[in-house]
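Data first, discussion second: the structure below is written as structure tokens.
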Amino acid sequence: MQATNLRVFEFIRVQDKQTGAVRVERGEKLVFLGPFEEYLGKKQTAVEIDDETSALIRNKRTGQQKLVTEKKLFIPNEDEEVLEVRKLIKLADYEACVVRDKDGRDEFFFGREQRSFFLQPYSSLVTLNWSRGRRRECRDLFIKKIDLRPMYMSFEFNCRTSDNVELVLEGSFFWEIVDLKEMLSFTNDTTGDVCNHARSRFIELVSKRTLVRFMGEFNKIAEQVHKDDQSGFYKQRGVKIHSLEVTGYHCADKRTASVLNDIIQETTNRINRLQQQESQNEVQLREIQGDIEEEKARAQLLEIQAQNAEARAEMEGQAEAQRVRSFLEALDNTIGMDKAIGLWQTLRKEDALRTISEGEAQLYFTPQDANISIERHTHA
């Protein structure tokens, strides 16, 4: 009979057909069967237990399970079988998971508190079944590790205005799970519940407005959907809505959509015309303000020039008066006042003539200014 060669990481089960006893042969060795022995199955590979790997074992005599985490090359004995090789569950700081034990109690693990662990016997990870898609029409999103970071979630709803126009609203939530225990106790489809509640609120608020009014207030309506919601729906499910905004809308009916496009286009054209007129008015206003500032500056210039001319004339008058006073004091009443004034005027004329003679100007005197007389003589 041919021997079976076992390497160091292999093992095989052998059964004695007479007694029914089972033994486990471990490598590294050659295995020879006895006359009444046979192999139970083929060669198997040992489980390599390390920092990230464990083995879930069932004892066939007692039926009990245990988790082997001791670092070694694990080979089960004749009464044991390997049910599952379990990997280390790792959580990031922003992740969490829920473990349900054999008694149905839930234990919550948060990455900021415990970064990794092995799943114990008789325990299992709770799987959340969430809806996906813009309308949450597919409930096939299975989640074991829950992301606790704030995140965006898009949506698409149908609703009708008070004048019976069916609209399709598109938008997004910015939301966050703040209480995992509350969420798990109230719902297993968090995304579906959030979107369905928001859709009900949108339908309620949009139905009270006409299409024209909705077009002017859709951002305000989106704000009212979650900020004015006093039902406590989100808080009850451990969820916080940071913001909700409508990114777009269109009519479900194509003919109505065509009319709506015309209305939007006309509104856009009207806004453009108003902005253009406002720009022109602003330019004209700036020009008027510039003219006003220019006239104010010119008035200030004229006022300053007048003040300077007045001051210059006052200074020249004072200087002239001082020269007259000095001239009269120098004469010391040697001649009469009338003669002194006449002499002063003569000297001033001399100064004027000297000044004019230095330039190219021409001076004309009347007979009275030159103190001459013109006589006409007739000769026979």
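The values are calculated or read from the model by the stated rules, or taken from the named source; none is laboratory data. Note that this is a predicted model, so its numbers are computed, not measured. Don't worry about glycine lacking a Cβ; one is built from the backbone with ideal geometry, like all the others, and counts go over all protein chains shown. When the accessible area is computed, the model is the full protein with side chains, heavy atoms only, and any ligands, DNA or RNA have been set aside. Shrake-Rupley method; radii C 1.70, N 1.55, O 1.52, S 1.80 Å.
Quote to one decimal, in nm, the extra length available between Gln276 and Leu331 on full extension: 0.36 nm per residue of separation minus the C-alpha distance between them.
Roughly 11.6 nm would be gained on extension.
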* Express in whole angstrom the spacing between the alpha-carbon centres of the range 1-55 and the range 261-296. => 93
* On full extension of the chain, what length is gained from Glu170 through Ser185, given 0.36 nm per residue of separation minus the C-alpha to C-alpha distance? -> 2.4 nm
* Asked: Going down the table (Lys145/Lys240; Lys181/Lys227; Lys43/Lys71; Lys144/Lys235; Lys144/Lys227; Lys29/Lys60), which pairs top 28 Å between alpha carbons?
  -> Lys144/Lys227
* Structure fact -> Computed, not fitted: 222 nm per-residue ellipticity of the chain from DSSP H runs ≥ 4 (each -39500 (n - 2.57)), nearest 500, equal to -13500 deg cm²/dmol
* To do: Run the quick spin-label model on Asp50 and Glu310: label points 7 Å from Cα toward the beta carbon, then report their separation in nm to one decimal.
  => 10.3
* Towards the positive end of the charge dipole of the chain, with charges on Cβ (+1 Lys, Arg; -1 Asp, Glu), say which of Gly232, Asn59, Ile271 has the farthest Cα. => Asn59
* To do: Using a Gaussian network model of the chain whose springs link C-alpha atoms within less than 10 Å, name the residue from Phe157, Phe108, Phe36 with the highest mean-square fluctuation.
  => Phe36
* To do: Would you please give the residues with an amide H less than 5 Å from that of Val126, counting only those at least 5 places away or on a separate chain, with H modeled from the backbone geometry?
  => Val98, Val99, Arg100
* **Given charges at beta-carbon only (K, R positive; D, E negative), |dipole| of the range 12-162 in Debye** => 580
* Max mean-square fluctuation residue, GNM over the chain, Cα-Cα springs under 10 Å, options Lys208, Lys145, Lys17 -> Lys17
* **Accessible solvent surface per residue of the chain, calculated while the other protein chains remain in place, 1.4 angstrom probe, Å²** => 68
* Amide H contacts of Glu37 (H built 1.01 Å from N, under 5 Å, at least 5 apart or other chain) -> Lys17
* To do: Specify the residue with the greatest mean-square fluctuation among Ala252, Ala297, Ala313, computed from a Gaussian network of the chain linking alpha-carbon atoms under 10 Å apart.
  => Ala313
* Structure fact -> Semi-axes (Å, rounded, descending) of the ellipsoid equivalent to the chain per its C-alpha gyration tensor are 114, 36, 21
* To do: Within the set of other residues whose C-beta is less than 11 Å from the C-beta of Gln305, count the net charge using Lys and Arg as +1 and Asp and Glu as -1.
  => 0
